[in-house]
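Working notes for the structure below.
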């Protein structure tokens, strides 16, 4: 019996690629170049399964190709984002401090030099309260004694947040008004496009920090630049960008922003686990079983 044909849209961890090659008729993306609309359409026409990443634009145009053969998309896009590190980096001005040191401008320790903001005892506001947000909340609450507030239109079960002492807010605006740190954990798409824009920034505290490891287009980047420049908020930590991989030149020039190149899940262990979860799902599908992470 022939193996299902699988097309992988980008390079994955070598351990995962080896498993895919062993278990399927696998076509890898050897040069790791993003696939065009036409190439993604061709992949859907020629393979039984296409394995995209979160950065592939699998749009209505792509899915509208004629004579599609693929019966499943195995998306490599779930991982644990290291939000706490980014939150601490922006609060303690770590990015600015490293640039200061590397430039040779540092002259030694002094009591008032480059003072940041403590996170201990502050209020962390979460937009979205899924698995990752709850893990962040647990570390913030138990590690830094932070007060946790959140908004999610589909809130978790009481038992899932019982140890967090978290307060649910009726709207994102309530979170914006109360939080010292705001961390985004909502999906992208029409409903959350530019959720964080001019009005949101005006509602935030002047000393608030925004952390985005969710999706770039949840934040109106132009409005963020204006809010940072005008002192409407104190700073931001960004791992994703509205027009990724293009980053606003204004953001690149700002000292009160920590910028990371989409590294939230970038550990050996996490990337292997992500890839193997996709393998598990497509194996289940071709065996006639229901994939564990089936969305539709």
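Inside the stretch 213-227, can you point out the residues that are under 19 Å from residue 175 (Cα atoms), buried (at least 20 other Cβ atoms within 10 Å of the Cβ) and at pLDDT 95 or above?
Once the filter is applied, which keeps residues that are under 19 Å from residue 175 (Cα atoms), buried (at least 20 other Cβ atoms within 10 Å of the Cβ) and at pLDDT 95 or above, the stretch 213-227 yields 218, 219, 220, 224, 227.
Do we find that residue 255 is loosely packed, with under 15 Cβ neighbours inside 10 Å and either farther than 30 Å from residue 119 by Cα or in contact (Cβ under 8 Å) with a residue 12 or more places away in the chain (or both) in this structure?
Yes: the conditions hold for residue 255.
Counting just the residues of the stretch 163-188 that are assigned to a loop (DSSP other than H, G, I, E, B) and free of Cβ contacts under 8 Å to residues at least 24 places away in the same chain, which one comes out nearest to the chain's Cα centre (by Cα)?
The residue in question is 171.
Show me the helices (runs of 4 or more DSSP H) found entirely inside the stretch 26-104 where at least 2 residues are at pLDDT below 95, within 27 Å of residue 180 (Cα to Cα) and under 26 Å from the mean Cα position of the chain (by Cα).
Details: elements: 37-46, 60-63, 83-91, 94-102.
Output list reads 83-91, 94-102.
The values are calculated or read from the model by the stated rules, or taken from the named source; none is laboratory data. None of the values given here were measured: they were computed from a predicted structure. Here the Cβ is made from the backbone with ideal geometry for all residues, glycine too, and neighbour counts use every protein chain on show.
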